[in-house]
Each structure stands twice: as structure tokens, then as C-alpha cells.
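Undergrad: One structure is given below, represented as C-alpha cells, and several questions about it will come after.
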Amino acid sequence: MREFLKIIEKDFGIVKIDKEVSSVFEAAKILREHPKETVLLENIGESDIPVLSGICNTRDKIARALNTSVGGITHKIIHGMENPRPLQNIEKITENYQTSKADLSKLPILTHYQRDGGPYITAGVIFARDPETGSRNASIHRMLVLDDNHLTVRIVPRHLYTYNQRAEAQGEDLDIAIAIGMNPATLLATTTSIPITSDEMEVANSFHNGNMKVVECENSNLEVPDAEIILEGKLLAGERADEGPFVDLTDTYDVIRQEPVIELDKMHLKENALYHSILPAGFEHRLLQGLPQEPRVYQAVQNTVPTVQNVVLTEGGCCWLHAAVSIKKQTQGDGKNVMMAALAAHPSLKHVVVVDEDIDIFDPEDLEYAMATRVKGDDDLLIVPKARGSSLDPAALPDGTTTKVGVDATKPLDKKEKFERVSLSE
Ligand code: MN
């Protein structure tokens, strides 16, 4: 992460705050005042470790980490998922870290908002192996601090959930490692929706052209990416505790649930370690969760309309509820087929707008221009009531359904010249 931080400092700048701030509310308030900047809080009242946030809170920074352009991010993620690379650059954890007994009170774990359940680790990636097959998983999870060496962790029913169920069925704890503070490309790989038999670290290694450095844990046969802070411990079989409330993507509260409990054993810190914190509902949170859905939407649309150009889950739509898709329209009705494919590909998607290739879908004003000039409400809307929606959508019905809307903002093929943009064509 240090190398990427130098790139950020040079190309984007870092807001450095040296006055003492508290990890309770005060730090989060400052991060909220700088939604698109990288912020270093150098002096946290409750800890000797500085807080870093916003290393991937814009598409420009993520594009930089992936060595591509903003328009190339989706294609780069697809390439990484399709071309995983085995880990080769493996070191012992002892070489560059100071090891001690795990003590969460030493870390500047932020309490973000008034009604939060407590201090939350928000940029922690959990590494584990399938107790049955030995295959590896890496996934990012929010973790609520219970005491100096216990956390409760929100685990949605995906791969880590399955591993934990398999361990619990054998009456065994599940060995895990938690890494905090890594390169955004590595972090992004841990949020991709690849099959349970695939390995997120090999996708990350593909993003790093096969050179990604990983370290071997002391307590288990887990390899984790080179990170600022590495914690080792286990998910305790059968243990559950209250998790929540926590502010989710939509800037609204998620409920309290009974979730698994982690017991920590060791803590490894890099020299002058930095603690990466992701502000809940901030752009870093939205982009890391939403961006990996864009390839899914892209590939589903491509099956239907091969001239798809690009897909974005817009920041204003929480990178979750709104999509824009650009196509090279070739037959009348393409727009409607795109809508159906996009809405089916990402079940949480609520609204989708389809535009021609002359619209920059990463520019909200250009998207509005397309909707203002190329939409006729009685012809160009698709409304699907009572479809399954997002649990994060405050407007969803109690049964979890919502109304999906598609907007076809493409030019009619038979009147193309009427819609020609002078600024682009002359
Ligand atoms: Mn996985």
C-alpha cells in the first residue's frame, strides 16, 4: 500500500490533519467533510497509529491502482476474473512485522455515527480455507469490537459463511486471518463475486501482473497480502453475538443481527503502521461494494446486445441501486432488451437508464442530458412492479419487493439526425 500511497500523494494529494482527533465520532466527521479526498489523520487521541481513509474513493484512484482508465475498469476486472494467476511471491510474516498478542485497544478503530453498535473495523479482509476442500477465500466484512480480542462479524451467505458452516458441522473453530491496509487493487479483488472454487487472491495477483507479495501466517496455513496490519484468530464454533446497528451503503441503518464471533490471538504490525478505515456510506464503501457488480451487468447485457460499450453503477445511486448502460444501438428495441438483462443480472438494481455511445455514462450531467432530450415518457419507460429488490432500499415493501424502472434514453434509429449533437459532430 505504501507504494500506491506515494502515487496518490503525487497525483491526487493527501489531506493531512495533525491536530488530535478522537476515534469516537470526531474522526468520522472529518472524513465525511472530505468525501472524495484521501485523508490521513495523524494524531488519534486513543491510539498511536494514524488513520488513513479514501485511498479508493474515486474511480480515478481505482483506475490508477488497476493501471487503466476509468472507462477500462470493468474490462480490467473481467480480465482479472478470467485470468487468475497463482501466488508466487511468498514471504514469512516475521520478516517485516512486529508481532504481539492481539490487542484491539491499540488500534484506532473508529466509532462512526451516533446510533452505531460500537467501534467497527471497516477495511478488514478475512482470509480462510474451506475445511472440506482446502480452497482459499478472501472477503471484506464489517467487524464490531466486543472487547480487546473479540469481534462480531457480519457474514452474508456466501463463501466464508459456507466455510464456517462446514467447520461448525465438524464442531471445529475456523482459522482466519484479517488484513487491514492493502493496495486498492487487492482490496477490490476481495469484493468480486467469483465462484466458491475460485481464489480472490489469484484475481488480485492478476491485477498485479503476477508479482503480488503475500505473507505466510504463523498460526495457520493461510497466506495474506502484504498489509499494514495482520490479525490472526478463529471463528468460534457455535458462538453468536449482536452485530449492529451499522450504517449501510444507502446512508441508512441496517438492523441488529446475531452473527459469528472472532477470537483473536496474534497481531502483526508493519513499522509505522497505518490503519485503513472505510467510512460507512462514503464513496470508498460504495465503490468497493458496487464496482464488482458492473462486470456482471456488462456480461449479462453483452449476451443480449453485443454492442454494449460500458456499464456504471452510479455514485448517486449508492453504486448499488442505479445503473447506466451505453450501447451502439443497431436495432429498434435494443434499449428495452438491455434494461431487462441489466435488471436481471444484479437483483438489487432498481433503476436502469440506457444511452447511446456518444453519452459519457461516468458524467451525471451527460446522463441527465440524454434523459432530457431523448426520452418520451409514454414510449421509453419499462415498469416492473413487485420484483425482488435490495434489502438496502428504504422504499422496498415489507416483503422485500420493489418496482423496477428502465429508461430508454437512446435515439430512435429512424430520426437519428434530429438528435445529432452539434458540439460533437461539428
Ligand atoms: Mn470466494
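Undergrad: Given only helices, namely DSSP H runs of n ≥ 4 each adding -39500 (n - 2.57), what is the per-residue ellipticity at 222 nm of the chain, to the nearest 500 deg cm²/dmol?
TA: Details: 14 runs with 115 residues, N = 426.
So the helix-based figure for the chain works out to -7500 deg cm²/dmol.
Undergrad: Residue 16: which lysines have alpha carbons under 20 Å from its alpha carbon, excluding same-chain residues fewer than 8 sequence positions away?
TA: Of all the lysines, those that pass the test against residue 16 - Cα under 20 Å, at least 8 places apart if same chain - are 6, 29, 36, 61.
Undergrad: If you don't mind, there's one more thing I want to ask. Would you mind classifying the stretch 109-230 by shape? Square roots of the alpha carbon gyration tensor eigenvalues, ordered a ≥ b ≥ c; an a/c under 1.5 is rounded, otherwise it is prolate if a/b is larger than b/c and oblate if not.
TA: oblate
Undergrad: Another question, then. Residue by residue, what Karplus-based ³J(HN,Hα) values in Hz, rounded to whole numbers, does the stretch 220-225 have, using 6.51, -1.76 and 1.60 with θ = phi - 60° and x for Gly and Pro?
TA: Here the 3J(HN,Hα) series is 8, 8, 9, 10, 10, x Hz.
Undergrad: Turning to a different aspect of this structure: Which of the listed residues, 111, 419, 247, is farthest toward the dipole's positive end in the chain, when Lys, Arg count +1 and Asp, Glu count -1 at the beta-carbon?
TA: The Cα lying farthest towards the positive end belongs to 419.
Undergrad: Now for a different question. Given H placed on each backbone N at 1.01 Å, which residues far from residue 85 in sequence or on other chains put an amide H within less than 5 Å of it?
TA: Result for residue 85 returns 203, 205, 206.
Undergrad: Aspartates and glutamates within cross-link reach of residue 10: Cα-Cα under 14 Å, excluding same-chain residues under 8 positions apart?
TA: 37, 60
Undergrad: When the chain is modelled as a GNM with alpha-carbon springs shorter than 10 Å, which of 180, 77, 14 fluctuates the most?
TA: Its mean-square fluctuation being the largest, the pick is 14.
Undergrad: Shifting gears a bit: Give the Rg (one decimal place) followed by the Dmax (whole number) of the chain, computed from C-alpha coordinates and expressed in Å.
TA: In order Rg, Dmax, the Cα atoms of the chain give 22.3, 71 Å.
Undergrad: If you place +1 on the Cβ of every Lys and Arg and -1 on the Cβ of every Asp and Glu, how big does the dipole about the Cα centre of the stretch 227-342 come out, in debye to the nearest 20?
TA: In total the dipole reaches around 760 debye.
Undergrad: Let me ask another. By accessible area of protein heavy atoms, probe 1.4 Å, what ranking do 81, 267 get, highest first?
TA: Result of the area sort, largest leading: 81, 267.
Undergrad: Hey, another quick one. Probe of 1.4 angstrom, ligands and nucleic acids ignored: what's the accessible area per residue over the stretch 193-235, in square angstrom?
TA: 30 Å²
Undergrad: So if I place +1 on the C-beta of Lys and Arg and -1 on the C-beta of Asp and Glu, and nothing else carries charge, what would the dipole magnitude of the chain be about its Cα centre? I want it in debye, nearest 20.
TA: About 980 debye.
Undergrad: Pull up all non-local amide H partners of residue 23: gap of 5 or more, or a different chain, and H-to-H distance under 5 Å with H placed in the peptide plane.
TA: Amide H to amide H, under 5 Å and 5 or more residues apart or across chains, residue 23 pairs with 45, 46.
Undergrad: What accessible area per residue, rounded to a whole number of Å², is obtained for the stretch 279-426 using a probe radius of 1.4 Å?
TA: Solvent-accessible surface per residue comes out at 46 Å².
Undergrad: Still on this structure, please answer the following. For residue 413, tell me the accessible area in Å² from a 1.4 Å probe, rounded to the nearest 10.
TA: Spelled out: residue 413, probe radius 1.4 Å, area about 60 Å².
Undergrad: Let me ask you something else. Take the alpha carbon atoms of the stretch 259-304, find their radius of gyration, then divide it by 2.2 N^0.38 Å using N residues; give the quotient. Kindly include the intermediate steps, with their values, before the conclusion.
TA: Values: Rg = 17.7 Å, N = 46, 2.2 N^0.38 = 9.4 Å.
Relative to the rule-of-thumb radius for its length, the stretch 259-304 sits at 1.88.
Undergrad: Using Cα positions and a limit of under 19 Å, work out the lysines in reach of residue 350, with same-chain residues fewer than 8 apart set aside.
TA: Correct list for residue 350: 336, 386, 404.
Undergrad: Decide, for the stretch 47-127, between rounded, prolate and oblate: order the square roots of the alpha carbon gyration tensor eigenvalues as a ≥ b ≥ c, take rounded if a/c falls under 1.5, and otherwise choose prolate if a/b is larger than b/c, else oblate.
TA: Taking the square roots of the gyration eigenvalues as a ≥ b ≥ c, the stretch 47-127 is oblate.
Undergrad: Per the 1.4 Å probe, what fraction of the accessible area of the chain, in percent, lies on carbon and sulfur atoms?
TA: The nonpolar share, carbon plus sulfur, comes to 47 percent.
Undergrad: Write down the percent of antiparallel bridges among all DSSP beta bridges whose residues are both part of the chain, to the nearest 5.
TA: 75 percent
Undergrad: Among 189, 217, 171, flag the residue with its Cα farthest along the positive direction of the charge dipole of the stretch 147-222, charges on Cβ as +1 for Lys/Arg and -1 for Asp/Glu.
TA: 189
The values are calculated or read from the model by the stated rules, or taken from the named source; none is laboratory data. Keep in mind that what you see is a predicted model, and the values were worked out from it rather than measured. Virtual Cβ from ideal backbone geometry, glycine too; neighbours counted across all protein chains shown. Ligands, DNA and RNA are stripped out before the accessible areas are found, and what is left, the full protein with its side chains, is counted by its heavy atoms. Shrake-Rupley method; radii C 1.70, N 1.55, O 1.52, S 1.80 Å.
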